[in-house]
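*Asks:* The structure follows.
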Amino acid sequence: MARKLKFSPKINMPGPGLFDLDGDIAPSTPIPTPEATPIPDLNDPGLAGLDFTINIKAPGQQNRPSAEIDRIAIDTARLNATDSILFMSFGSGSSGNCSYIGGRTGGFLIDAGVDIDKVRDGLKANGLSLDHIKGVCLTHDHSDHMRYAYTLVRKHRHIGIYCTPRAMNGILRRHNVSRRIKDYHTAIYKEIPFTIGNFTITAFEVMHDGSDNAGFYVQHDDRGFAIATDLGCISDRADHYMRQADYLMIESNYDLNMLLFGSYPEYLKSRIRNVNGHLDNKVTAEYLAKIYTQRLRYVFLCHLSRDNNTPEAALAASRQALEGIGLKVGNGLNTPEDNAANVQLIALPRFDCSPLFSLRP
Ligand SMILES: [Zn+2]
Ligand SMILES: [Zn+2]
(Lines give C-alpha, C1' and ligand atoms only; values in the text may rest on other atoms or scores of the structure.)
(Ligands and ions follow the chains in the order given, each with its own letter.)
Protein backbone atom coordinates (compact mmCIF):
# COMPACT_ATOMS: atom_id res chain seq x y z
CA MET A 1 0.00 0.00 0.00
CA ALA A 2 2.39 2.66 1.18
CA ARG A 3 5.12 3.04 -1.34
CA LYS A 4 8.32 4.94 -1.37
CA LEU A 5 7.51 8.53 -0.64
CA LYS A 6 8.69 10.97 -3.23
CA PHE A 7 7.74 14.14 -1.54
CA SER A 8 7.22 13.79 2.14
CA PRO A 9 9.12 16.10 4.46
CA LYS A 10 6.88 14.83 7.22
CA ILE A 11 6.90 13.45 10.65
CA ASN A 12 5.72 9.90 10.55
CA MET A 13 3.62 8.83 13.46
CA PRO A 14 0.69 6.49 13.34
CA GLY A 15 -2.60 7.90 14.43
CA PRO A 16 -6.32 7.56 14.03
CA GLY A 17 -8.36 9.34 11.40
CA LEU A 18 -8.80 13.08 11.55
CA PHE A 19 -12.50 12.71 11.83
CA ASP A 20 -12.85 9.17 13.08
CA LEU A 21 -11.23 8.02 16.27
CA ASP A 22 -11.28 4.35 15.39
CA GLY A 23 -8.85 4.81 12.53
CA ASP A 24 -8.61 2.62 9.50
CA ILE A 25 -9.72 -0.89 10.34
CA ALA A 26 -9.65 -3.80 7.95
CA PRO A 27 -13.07 -4.45 6.44
CA SER A 28 -15.18 -7.09 8.14
CA THR A 29 -16.15 -8.73 4.86
CA PRO A 30 -13.73 -10.05 2.28
CA ILE A 31 -12.93 -7.68 -0.53
CA PRO A 32 -14.11 -9.13 -3.83
CA THR A 33 -11.55 -9.44 -6.53
CA PRO A 34 -11.74 -7.01 -9.40
CA GLU A 35 -13.11 -9.81 -11.58
CA ALA A 36 -15.98 -10.43 -9.18
CA THR A 37 -17.69 -7.14 -9.89
CA PRO A 38 -17.90 -5.87 -13.41
CA ILE A 39 -16.63 -2.40 -14.09
CA PRO A 40 -19.47 -0.38 -15.59
CA ASP A 41 -19.31 1.00 -19.04
CA LEU A 42 -21.66 2.57 -21.52
CA ASN A 43 -23.27 -0.78 -22.21
CA ASP A 44 -24.57 -0.76 -18.67
CA PRO A 45 -28.31 -0.01 -18.91
CA GLY A 46 -27.98 2.33 -15.97
CA LEU A 47 -25.50 4.44 -17.86
CA ALA A 48 -26.87 4.04 -21.36
CA GLY A 49 -28.19 7.02 -23.16
CA LEU A 50 -25.66 9.41 -21.75
CA ASP A 51 -25.36 12.35 -23.98
CA PHE A 52 -22.14 14.03 -23.19
CA THR A 53 -20.44 16.84 -24.97
CA ILE A 54 -19.14 15.90 -28.35
CA ASN A 55 -15.45 16.49 -28.29
CA ILE A 56 -13.73 17.45 -31.43
CA LYS A 57 -10.02 17.20 -31.31
CA ALA A 58 -8.57 20.56 -32.11
CA PRO A 59 -6.11 20.72 -34.98
CA GLY A 60 -2.62 20.04 -33.77
CA GLN A 61 -3.77 18.31 -30.58
CA GLN A 62 -3.03 14.76 -31.68
CA ASN A 63 0.53 15.24 -30.63
CA ARG A 64 2.29 17.88 -28.69
CA PRO A 65 5.57 17.99 -30.52
CA SER A 66 6.59 21.51 -29.67
CA ALA A 67 5.67 24.58 -27.74
CA GLU A 68 4.79 26.40 -30.94
CA ILE A 69 2.25 23.86 -32.09
CA ASP A 70 0.86 23.62 -28.58
CA ARG A 71 0.17 27.33 -28.47
CA ILE A 72 -1.48 27.39 -31.88
CA ALA A 73 -3.70 24.50 -30.85
CA ILE A 74 -4.72 26.22 -27.64
CA ASP A 75 -5.92 29.27 -29.49
CA THR A 76 -7.87 27.20 -31.98
CA ALA A 77 -9.50 25.04 -29.36
CA ARG A 78 -10.54 28.03 -27.32
CA LEU A 79 -12.98 28.94 -30.05
CA ASN A 80 -14.77 25.65 -29.67
CA ALA A 81 -16.68 25.82 -26.41
CA THR A 82 -18.04 22.28 -26.74
CA ASP A 83 -14.52 20.95 -26.59
CA SER A 84 -13.97 22.16 -23.07
CA ILE A 85 -14.18 20.06 -19.97
CA LEU A 86 -16.29 21.88 -17.41
CA PHE A 87 -15.26 21.99 -13.78
CA MET A 88 -16.88 23.54 -10.76
CA SER A 89 -16.47 23.24 -7.00
CA PHE A 90 -19.40 23.58 -4.58
CA GLY A 91 -17.21 23.70 -1.49
CA SER A 92 -13.73 22.55 -0.56
CA GLY A 93 -12.33 21.87 2.90
CA SER A 94 -13.24 20.17 6.13
CA SER A 95 -16.71 21.73 6.03
CA GLY A 96 -17.57 19.81 2.89
CA ASN A 97 -16.24 18.80 -0.49
CA CYS A 98 -18.00 18.35 -3.79
CA SER A 99 -17.11 19.23 -7.35
CA TYR A 100 -18.41 18.67 -10.86
CA ILE A 101 -16.49 17.41 -13.87
CA GLY A 102 -18.28 17.00 -17.16
CA GLY A 103 -19.63 18.68 -20.22
CA ARG A 104 -22.72 20.69 -21.05
CA THR A 105 -24.98 17.66 -21.12
CA GLY A 106 -23.57 15.31 -18.56
CA GLY A 107 -20.92 14.63 -16.01
CA PHE A 108 -20.27 13.41 -12.51
CA LEU A 109 -19.40 14.60 -9.04
CA ILE A 110 -16.27 14.07 -7.03
CA ASP A 111 -17.38 13.58 -3.40
CA ALA A 112 -20.70 14.37 -1.79
CA GLY A 113 -19.88 16.42 1.29
CA VAL A 114 -21.89 19.51 0.36
CA ASP A 115 -25.62 20.00 0.89
CA ILE A 116 -27.56 18.83 -2.15
CA ASP A 117 -29.55 22.06 -2.40
CA LYS A 118 -26.33 24.00 -2.71
CA VAL A 119 -25.06 21.67 -5.41
CA ARG A 120 -28.35 21.94 -7.26
CA ASP A 121 -28.32 25.74 -7.06
CA GLY A 122 -24.72 25.93 -8.19
CA LEU A 123 -25.41 23.73 -11.19
CA LYS A 124 -28.60 25.58 -12.04
CA ALA A 125 -26.85 28.95 -11.99
CA ASN A 126 -24.65 27.58 -14.78
CA GLY A 127 -27.35 25.97 -16.88
CA LEU A 128 -26.77 22.47 -15.49
CA SER A 129 -28.88 20.28 -13.24
CA LEU A 130 -28.66 17.18 -11.11
CA ASP A 131 -30.29 15.35 -14.01
CA HIS A 132 -26.94 15.85 -15.72
CA ILE A 133 -25.13 14.01 -12.94
CA LYS A 134 -24.59 10.35 -13.70
CA GLY A 135 -22.47 9.35 -10.76
CA VAL A 136 -20.53 10.44 -7.72
CA CYS A 137 -16.98 9.23 -7.11
CA LEU A 138 -16.05 9.20 -3.43
CA THR A 139 -12.44 9.73 -2.45
CA HIS A 140 -12.82 8.30 1.06
CA ASP A 141 -15.15 7.84 3.99
CA HIS A 142 -14.55 11.01 6.01
CA SER A 143 -17.82 12.83 6.53
CA ASP A 144 -16.72 16.00 4.74
CA HIS A 145 -16.60 13.89 1.57
CA MET A 146 -19.63 11.60 1.89
CA ARG A 147 -22.09 13.23 4.29
CA TYR A 148 -24.78 13.79 1.62
CA ALA A 149 -24.09 10.77 -0.55
CA TYR A 150 -27.12 8.76 0.50
CA THR A 151 -29.46 11.77 0.38
CA LEU A 152 -28.21 12.48 -3.11
CA VAL A 153 -28.79 9.02 -4.54
CA ARG A 154 -32.06 8.44 -2.71
CA LYS A 155 -33.55 11.60 -4.19
CA HIS A 156 -31.90 11.14 -7.57
CA ARG A 157 -31.97 7.45 -8.20
CA HIS A 158 -30.20 7.62 -11.52
CA ILE A 159 -26.99 8.63 -9.73
CA GLY A 160 -24.62 5.85 -8.77
CA ILE A 161 -21.96 5.90 -6.06
CA TYR A 162 -18.51 4.85 -7.23
CA CYS A 163 -15.99 3.94 -4.58
CA THR A 164 -13.86 1.00 -3.54
CA PRO A 165 -15.47 -1.78 -1.48
CA ARG A 166 -13.29 -0.84 1.50
CA ALA A 167 -14.38 2.77 1.28
CA MET A 168 -18.03 1.65 1.21
CA ASN A 169 -17.41 -0.61 4.22
CA GLY A 170 -15.83 2.36 5.98
CA ILE A 171 -18.90 4.48 5.29
CA LEU A 172 -21.19 1.80 6.70
CA ARG A 173 -18.99 1.14 9.71
CA ARG A 174 -18.20 4.70 10.67
CA HIS A 175 -21.35 6.58 9.86
CA ASN A 176 -25.00 6.35 10.73
CA VAL A 177 -26.13 5.71 7.19
CA SER A 178 -28.72 3.27 5.87
CA ARG A 179 -27.31 0.02 4.51
CA ARG A 180 -29.49 0.67 1.49
CA ILE A 181 -26.74 2.98 0.31
CA LYS A 182 -25.18 -0.24 -1.00
CA ASP A 183 -28.01 -0.51 -3.54
CA TYR A 184 -26.47 2.44 -5.33
CA HIS A 185 -22.87 1.32 -5.04
CA THR A 186 -20.70 0.38 -7.97
CA ALA A 187 -17.46 -1.13 -6.74
CA ILE A 188 -14.34 0.28 -8.31
CA TYR A 189 -10.75 -0.75 -7.82
CA LYS A 190 -7.57 1.24 -7.80
CA GLU A 191 -5.62 1.24 -11.06
CA ILE A 192 -8.53 -0.33 -12.98
CA PRO A 193 -10.20 2.25 -15.24
CA PHE A 194 -13.97 2.55 -15.36
CA THR A 195 -16.21 4.83 -17.36
CA ILE A 196 -18.97 7.29 -16.62
CA GLY A 197 -20.33 8.56 -19.90
CA ASN A 198 -17.36 9.33 -22.10
CA PHE A 199 -15.03 9.94 -19.20
CA THR A 200 -12.57 7.22 -18.25
CA ILE A 201 -11.67 7.35 -14.59
CA THR A 202 -8.92 5.60 -12.70
CA ALA A 203 -8.75 5.61 -8.92
CA PHE A 204 -5.30 5.65 -7.40
CA GLU A 205 -3.84 5.28 -3.94
CA VAL A 206 -3.29 8.35 -1.81
CA MET A 207 -1.95 8.37 1.73
CA HIS A 208 -4.48 9.66 4.22
CA ASP A 209 -6.24 8.40 7.33
CA GLY A 210 -9.64 7.46 5.93
CA SER A 211 -10.55 4.01 4.65
CA ASP A 212 -8.87 3.13 1.36
CA ASN A 213 -8.33 6.72 0.29
CA ALA A 214 -8.37 7.41 -3.42
CA GLY A 215 -7.42 10.08 -5.88
CA PHE A 216 -8.90 10.04 -9.38
CA TYR A 217 -7.42 10.47 -12.82
CA VAL A 218 -10.12 11.48 -15.28
CA GLN A 219 -9.45 11.07 -18.99
CA HIS A 220 -11.49 12.60 -21.73
CA ASP A 221 -10.38 12.79 -25.30
CA ASP A 222 -6.63 13.22 -24.98
CA ARG A 223 -6.72 15.17 -21.78
CA GLY A 224 -6.34 14.21 -18.15
CA PHE A 225 -7.58 15.74 -14.92
CA ALA A 226 -6.00 14.49 -11.69
CA ILE A 227 -7.77 14.93 -8.37
CA ALA A 228 -5.74 14.48 -5.21
CA THR A 229 -7.40 15.81 -2.09
CA ASP A 230 -6.73 14.73 1.47
CA LEU A 231 -3.24 13.30 1.30
CA GLY A 232 -0.39 13.64 3.74
CA CYS A 233 2.37 13.18 1.21
CA ILE A 234 2.81 12.55 -2.47
CA SER A 235 3.41 8.88 -2.95
CA ASP A 236 4.48 7.17 -6.16
CA ARG A 237 1.06 6.46 -7.63
CA ALA A 238 -0.26 9.93 -6.88
CA ASP A 239 2.85 11.37 -8.48
CA HIS A 240 2.44 9.12 -11.50
CA TYR A 241 -1.01 10.48 -12.29
CA MET A 242 -0.51 14.08 -11.29
CA ARG A 243 2.56 14.61 -13.42
CA GLN A 244 0.73 13.63 -16.62
CA ALA A 245 -2.33 15.81 -15.97
CA ASP A 246 -3.48 18.78 -18.01
CA TYR A 247 -5.61 19.88 -15.09
CA LEU A 248 -4.89 19.26 -11.47
CA MET A 249 -6.89 19.62 -8.27
CA ILE A 250 -4.40 19.22 -5.44
CA GLU A 251 -4.66 19.82 -1.73
CA SER A 252 -2.89 22.81 -0.20
CA ASN A 253 -4.16 22.40 3.32
CA TYR A 254 -2.05 24.36 5.75
CA ASP A 255 0.62 26.95 6.25
CA LEU A 256 3.16 25.31 8.51
CA ASN A 257 3.74 28.35 10.71
CA MET A 258 0.03 28.96 11.12
CA LEU A 259 -0.39 25.35 12.15
CA LEU A 260 2.61 25.23 14.49
CA PHE A 261 1.75 28.49 16.25
CA GLY A 262 -2.01 28.07 16.02
CA SER A 263 -4.50 26.94 18.63
CA TYR A 264 -4.81 23.27 17.70
CA PRO A 265 -3.77 20.77 20.36
CA GLU A 266 -0.45 19.07 19.74
CA TYR A 267 -1.94 15.70 18.90
CA LEU A 268 -4.06 17.27 16.20
CA LYS A 269 -1.13 19.20 14.79
CA SER A 270 0.78 15.93 14.58
CA ARG A 271 -2.07 14.16 12.86
CA ILE A 272 -2.39 16.88 10.26
CA ARG A 273 1.36 16.82 9.57
CA ASN A 274 1.49 13.05 9.44
CA VAL A 275 2.22 11.31 6.13
CA ASN A 276 -1.40 10.18 6.34
CA GLY A 277 -2.65 13.67 7.12
CA HIS A 278 -2.83 16.71 4.87
CA LEU A 279 -0.51 18.63 2.55
CA ASP A 280 1.51 21.67 3.56
CA ASN A 281 1.30 24.67 1.19
CA LYS A 282 5.04 24.53 0.74
CA VAL A 283 5.09 20.86 -0.19
CA THR A 284 2.33 21.40 -2.74
CA ALA A 285 4.09 24.45 -4.16
CA GLU A 286 7.47 22.74 -4.51
CA TYR A 287 5.83 19.71 -6.05
CA LEU A 288 4.05 21.82 -8.67
CA ALA A 289 7.30 23.46 -9.68
CA LYS A 290 8.97 20.08 -9.85
CA ILE A 291 6.40 18.41 -12.13
CA TYR A 292 5.45 21.36 -14.33
CA THR A 293 5.44 20.74 -18.07
CA GLN A 294 3.68 22.68 -20.82
CA ARG A 295 0.90 20.20 -20.59
CA LEU A 296 -0.24 21.50 -17.21
CA ARG A 297 -2.82 24.23 -17.81
CA TYR A 298 -4.85 24.58 -14.61
CA VAL A 299 -4.05 24.00 -10.97
CA PHE A 300 -6.88 24.13 -8.43
CA LEU A 301 -5.68 24.28 -4.85
CA CYS A 302 -8.21 22.53 -2.65
CA HIS A 303 -9.10 21.63 0.93
CA LEU A 304 -7.58 24.79 2.44
CA SER A 305 -7.79 24.77 6.22
CA ARG A 306 -9.98 27.47 7.68
CA ASP A 307 -7.82 27.79 10.79
CA ASN A 308 -4.34 27.10 9.51
CA ASN A 309 -4.34 28.64 6.07
CA THR A 310 -5.63 31.49 3.96
CA PRO A 311 -6.31 31.51 0.23
CA GLU A 312 -3.68 34.25 -0.03
CA ALA A 313 -1.02 32.14 1.69
CA ALA A 314 -1.79 29.03 -0.36
CA LEU A 315 -1.79 30.94 -3.63
CA ALA A 316 1.35 32.88 -2.76
CA ALA A 317 3.31 29.73 -2.01
CA SER A 318 2.42 28.00 -5.27
CA ARG A 319 2.67 31.17 -7.34
CA GLN A 320 6.12 31.88 -5.98
CA ALA A 321 7.30 28.36 -6.76
CA LEU A 322 5.90 28.42 -10.30
CA GLU A 323 7.22 31.90 -11.02
CA GLY A 324 10.52 30.73 -9.60
CA ILE A 325 10.94 28.43 -12.59
CA GLY A 326 10.14 31.27 -14.99
CA LEU A 327 6.42 30.75 -15.57
CA LYS A 328 3.69 33.30 -16.03
CA VAL A 329 0.90 32.36 -13.64
CA GLY A 330 -2.70 33.33 -14.38
CA ASN A 331 -5.70 33.62 -12.10
CA GLY A 332 -8.09 31.52 -14.17
CA LEU A 333 -9.94 34.56 -15.46
CA ASN A 334 -10.56 35.24 -19.08
CA THR A 335 -8.32 38.30 -19.26
CA PRO A 336 -5.67 38.80 -21.91
CA GLU A 337 -3.02 38.51 -19.20
CA ASP A 338 -4.38 35.19 -17.99
CA ASN A 339 -4.78 33.87 -21.50
CA ALA A 340 -1.10 34.58 -22.07
CA ALA A 341 -0.05 32.81 -18.90
CA ASN A 342 1.60 29.39 -18.87
CA VAL A 343 -0.60 28.00 -16.14
CA GLN A 344 -3.72 29.07 -14.27
CA LEU A 345 -3.66 28.88 -10.47
CA ILE A 346 -6.90 29.02 -8.49
CA ALA A 347 -7.69 28.43 -4.81
CA LEU A 348 -11.09 26.79 -4.49
CA PRO A 349 -13.43 28.60 -2.07
CA ARG A 350 -13.98 26.78 1.18
CA PHE A 351 -17.68 27.42 1.54
CA ASP A 352 -18.89 28.98 -1.69
CA CYS A 353 -19.31 27.69 -5.19
CA SER A 354 -16.49 28.45 -7.58
CA PRO A 355 -17.24 29.77 -11.04
CA LEU A 356 -17.82 27.13 -13.69
CA PHE A 357 -14.47 26.73 -15.41
CA SER A 358 -14.35 25.81 -19.04
CA LEU A 359 -10.98 24.10 -19.15
CA ARG A 360 -9.01 24.85 -22.23
CA PRO A 361 -6.76 22.32 -23.84
ZN1 LIG B 1 -11.45 16.13 3.84
ZN1 LIG C 1 -10.11 13.13 4.90
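*Asks:* So, in segment 139-161, exactly how many residues are without any contact (Cβ under 8 Å) to a residue 60 or more places away in the chain and outside any helix (DSSP H, G or I)? Give the steps one after another, and end with the answer.
*Replies:* So the first thing to find is which residues in segment 139-161 are without any contact (Cβ under 8 Å) to a residue 60 or more places away in the chain, and the list is 146-157, 159, 161.
Cutting the leftovers down to outside any helix (DSSP H, G or I) gives us 147-148, 156-157, 159, 161.
Residues flagged as without any contact (Cβ under 8 Å) to a residue 60 or more places away in the chain and outside any helix (DSSP H, G or I) within segment 139-161 amount to 6.
*Asks:* Determine which single condition ARG295 fails, assuming it passes every other condition in (1) buried (at least 21 other Cβ atoms within 10 Å of the Cβ); (2) within 19 Å of the chain's Cα centre (by Cα).
*Replies:* (1)
*Asks:* Could you tell me whether any residue of segment 128-149 is among the charged types (D, E, K, R), more than 16 Å from ligand 2 (Cβ to nearest atom) and within 19 Å of the chain's Cα centre (by Cα)?
*Replies:* Yes, because at least one residue in segment 128-149 is among the charged types (D, E, K, R), more than 16 Å from ligand 2 (Cβ to nearest atom) and within 19 Å of the chain's Cα centre (by Cα).
*Asks:* I've got another one for you. Search segment 206-228 for residues being surrounded by fewer than 22 Cβ atoms within 10 Å (Cβ to Cβ) and modelled with pLDDT of 95 or more, and hand back the single one that is nearest to ILE272 (Cα to Cα). Walk me through it before giving the result.
*Replies:* Just the residues of segment 206-228 that are surrounded by fewer than 22 Cβ atoms within 10 Å (Cβ to Cβ), to begin with: 219, 221-224.
Now drop any that are not modelled with pLDDT of 95 or more, which leaves 219, 223-224.
Numbers: GLN219: 31, ARG223: 32, GLY224: 29 Å.
Here the residue is GLY224.
*Asks:* Out of LYS269, LYS328, report the one residue that is within 29 Å of LEU86 (Cβ to Cβ) and surrounded by fewer than 22 Cβ atoms within 10 Å (Cβ to Cβ).
*Replies:* On the way: LYS269 fails: within 29 Å of LEU86 (Cβ to Cβ).
Every option except LYS328 fails the conditions.
*Asks:* Can you tell me which residue within segment 153-172, out of those that are within 12 Å of PHE108 (Cβ to Cβ) and under 19 Å from the mean Cα position of the chain (by Cα), is surrounded by the most Cβ atoms within 10 Å (Cβ to Cβ)?
*Replies:* TYR162
*Asks:* Would you say ALA167 is away from ligand 2 (no atom under 16 Å from the Cβ), touching a Leu at 6+ places or on another chain (Cβ under 9 Å) and in contact (Cβ under 8 Å) with a residue 40 or more places away in the chain? Quick ask: steps written out before the conclusion?
*Replies:* On the way: away from ligand 2 (no atom under 16 Å from the Cβ): no; touching a Leu at 6+ places or on another chain (Cβ under 9 Å): yes; in contact (Cβ under 8 Å) with a residue 40 or more places away in the chain: yes.
So ALA167 fails the test.
*Asks:* Give LEU231, LEU248, LEU279, LEU259 a once-over and let me know the one that is buried (at least 20 other Cβ atoms within 10 Å of the Cβ), aliphatic (A, V, I, L, M) and more than 30 Å from GLY107 (Cβ to Cβ). Give the steps one after another, and end with the answer.
*Replies:* Values: LEU231 fails: more than 30 Å from GLY107 (Cβ to Cβ); LEU248 fails: more than 30 Å from GLY107 (Cβ to Cβ); LEU279 fails: more than 30 Å from GLY107 (Cβ to Cβ).
Exactly one residue qualifies, and that residue is LEU259.
*Asks:* Still on this structure, please answer the following. Considering only segment 186-198, I want to know if a residue exists there that is within 16 Å of ligand 1 (Cβ to nearest atom), surrounded by 22 or more Cβ atoms within 10 Å (Cβ to Cβ), within 19 Å of MET88 (Cβ to Cβ) and in the same structural domain as ASP115 (by TED's automatic domain parsing).
*Replies:* No - not one qualifying residue is present in segment 186-198.
*Asks:* Let me ask you something else. Let me spell it out: the conditions are (1) touching a Lys or Arg at 6+ places or on another chain (Cβ under 9 Å); (2) of a type in the set (S, T, N, Q); (3) surrounded by 23 or more Cβ atoms within 10 Å (Cβ to Cβ), and THR202 meets all of them except one. Which number is the exception?
*Replies:* Failing condition for THR202: (3).
*Asks:* Given the structure, is HIS132 within 14 Å of ligand 1 (Cβ to nearest atom) and out of contact with any Asp or Glu (no Cβ under 6 Å at 6 or more places or on another chain)?
*Replies:* Details: within 14 Å of ligand 1 (Cβ to nearest atom): no; out of contact with any Asp or Glu (no Cβ under 6 Å at 6 or more places or on another chain): yes.
No; evaluated as a whole, the condition is false for this residue.
The values are calculated or read from the model by the stated rules, or taken from the named source; none is laboratory data. Bear in mind that the values here come from a model prediction, so they are computed numbers and not experimental data. Ideal geometry is used to build each Cβ from the backbone, glycine not excepted, and the neighbour counts take in all protein chains shown.
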